[in-house]
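Below you'll find the structure, written out as structure tokens, and then a few comments.
What follows is calculated from the coordinates using simple rules that are stated; it is not laboratory data. Predicted model only: the values in this text are computed from it and were never measured. Reconstructed Cβ throughout: ideal geometry from the backbone, glycine too, with neighbour counts over all protein chains shown.
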Amino acid sequence: MNIEELERLIANDENVHLELKKTTGELKDGMHTACAFLNGAGGWLVFGVAPKSLKILGQEVTDNTQREIAQALSGLEPAVSIDIQYIDVPDRLGCQVIAMYFEAFVWGTAPYTYHGSPYYKVESTTKLMPRNMFEERLRANKPNYYAWERQSADDITIDDMDEKLIRGAIRLGVEKNRMPATALTEPLSDVLRKLELMNDGVPNNAAAALFSTKLRGYTQMQLRLARFRGINKIEFIDNQRVEGNFFQLLDAGMAFFLKHLNMSGKIVGFRREENMEVPAEALREALTNSLCHRQFEKYNLTPSIAIYDDRIEIENPGVLPPQLNTETIKQSHSSYPYNPIMAEVLYRTTFLESWGSGAFRIMEACKAQNAPEPKWSINGGFICVTFVRPVTDPMKTPVGMQLGLNLNQVRTKYEPSTNQVKDLILAVSEDYLSTGEMMKTCGLKSRLRFRTTYILPALDEGAIERKYPDIPNHPRQQYRLTEQAIEWKRGQKKSL
């Protein structure tokens, strides 16, 4: 680089690709910026130019200066090889500008740190990289090491795998030529090993999430289901929380759609064709993606289905791949599965397609039924797919009612987790009650003990629901039993 090229470089002042420092006295701050360039779109770090006036000052460069620069660069990890350029300043004898270019970050490589701390650029500002961004890059760099799905499952053995479910899934894969016919007769352990669902003879988390019958403690393997009255979350018509493996949650979610969505029909030729108000194929694909691509390491967050009068929202904890946003996901794109082992198993057993075609097929299903195109959005750490519901026809009946569908046929059977929750369900009625009324019914006096051992566990497992769910501390907050708790209670009475 010569002085004319330097002048052109600095002409537009500092930006996301250029940082100016007056002298190497600011070397430490400069290395923060160097780290940010390496973690972002790359850029020039220049010493010897005044940032605001853009006056080219240069500085005396000694052997000690060069040693300080080399020492500073050694604080970057992974190590980098930088071509340092020294540009003479014509009207300042013995002064040089020091310029260094740092290459842009390549996705899938290790993120850079300076003395153990990662930095990134926000416009022309250098900031510490947020933890979730740093961990996402670590995970992309070493998926085998960091991925939740690859870790060995806790307290789960091959005996806890649902062999009937696995064999049925394999049969579907064989029928579609996605799995060899020999898989039908192979020992279960061999099948799981070939699907990368075993670690040294122990099922991994992917195996547990897909096929385990024993999921106590796996809080990720839950699905919240709600039908709200109106267009907000103030009042429930139906509120449930189900738990189970991937296939059980998928079945429970689809049954919930069938229960609460309407059918529409038209005469085609001499036949009457009936469709769900929002295409079942689109809902199933969206729910499959939600359950498969969620961030399982966020164990305290739960996927959900929320049905309102005007829309359906399917949410899952996660982020879109860095290569996509809420608009480009609708376009043709490569596949970037967050949980590649689970995605591969679901592809080979025909429950998921490859090539990143999920969003396209959702839109095509809606288009074929003249339904509005769904919308993708990011909301507080959740990816949400929103389907617009048509204006309700009072003559239409929800599908579940037409079919006489019993949701218990497909969802996992609810069982209270503690004796306290059982006592609470058996003691209270189906009407809304205040905390004081519930304590009186249960014969308890300690409000703190009642809250921590009765109310909170019951809320967590979906046995009771709040009257004001969006305002937990509402001064007139009340609680009532959910449908699953009522059904469990009825079952206890029948067994007496």
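Add +1 for every Lys or Arg and -1 for every Asp or Glu among the other residues with Cβ under 11 Å from the Cβ of THR418, and state the total. Don't skip to the end; give the middle numbers.
On the way: positive: LYS422; negative: GLU415, ASP423, ASP460, GLU461.
Net local charge, THR418 excluded: -3.
In the stretch 346-374, whose amide N lies under 15 Å from the spot 7 Å out along Cα-to-Cβ of GLN331? List them in ranges.
Hits in the stretch 346-374 for GLN331 at 15 Å: 360.
May I ask you to compute the full-extension gain from LYS28 to GLN492, defined as 0.36 nm times their residue separation minus their alpha-carbon distance, rounded to one decimal in nm? It would help to have the intermediate numbers written out before the result.
Working: separation 464, 0.36 × 464 = 167.04 nm, distance 6.91 nm.
Computed gain between LYS28 and GLN492 is 160.1 nm.
Need one number: nm distance between label points at SER354 and GLN477, each 7 Å from Cα along Cα→Cβ, rounded to one decimal.
Between SER354 and GLN477, the label points sit 4.9 nm apart.
Rounded, prolate or oblate: which fits the stretch 444-496 when a ≥ b ≥ c are the square roots of the eigenvalues of the alpha-carbon gyration tensor, with rounded for a/c under 1.5 and prolate only if a/b beats b/c? It would help to have the intermediate numbers written out before the result.
Working: a/c = 2.58, a/b = 1.55, b/c = 1.66.
Cα axes put the stretch 444-496 in the oblate bin.
Which far-off residues, 5 or more places away or on another chain, put their amide H under 5 Å from the one on ALA371, with H placed in the peptide plane?
Those qualifying (amide H under 5 Å, at least 5 residues apart or on another chain) number zero.
Between GLN151 and ARG229, what FRET efficiency comes out of the Förster formula 1/(1 + (r/R0)^6) with R0 = 41 Å and r the beta carbon distance, rounded to 0.05?
Numbers: r = 42 Å, r/R0 = 1.01.
Between ARG229 and GLN151 the formula returns 0.50.
What full-extension length gain, to one decimal in nm, is calculated for GLU4 and VAL202 as 0.36 nm per residue of separation minus the Cα-Cα distance? Mind dumping the intermediate values first?
On the way: separation 198, 0.36 × 198 = 71.28 nm, distance 6.47 nm.
Length gained between GLU4 and VAL202: 64.8 nm.
Please give the contour-minus-distance gain from MET263 to ASP88: 0.36 nm per residue of separation, less the Cα-Cα distance, rounded to one decimal in nm. Present the calculation step by step, with values, prior to reporting the outcome.
On the way: separation 175, 0.36 × 175 = 63.00 nm, distance 7.79 nm.
The MET263-ASP88 span can extend by a further 55.2 nm.
Taking the simple approach of a point 7 Å from Cα along Cα-to-Cβ for both TRP107 and LYS142, what is their distance in nm?
2.2 nm
Would you mind getting me the FRET efficiency between LEU448 and LYS127? Use the beta-carbon distance for r and R0 = 41 Å, nearest 0.05.
Working: r = 42 Å, r/R0 = 1.02.
Taking R0 as 41 Å, the efficiency between LEU448 and LYS127 is 0.45.
Starting with the highest mean, order 31-41, 3-13 by the number of other Cβ atoms within 10 Å, averaged over the residues of each peptide.
Ranked from most to least packed, the peptides come out as 31-41, 3-13.
Which option, (1) 99, 63, 51; (2) 72, 58, 42; (3) 83, 61, 50, is the value of Cα extents along the principal axes in Å that was calculated from these coordinates?
After the calculation, the listed value that fits is (1).
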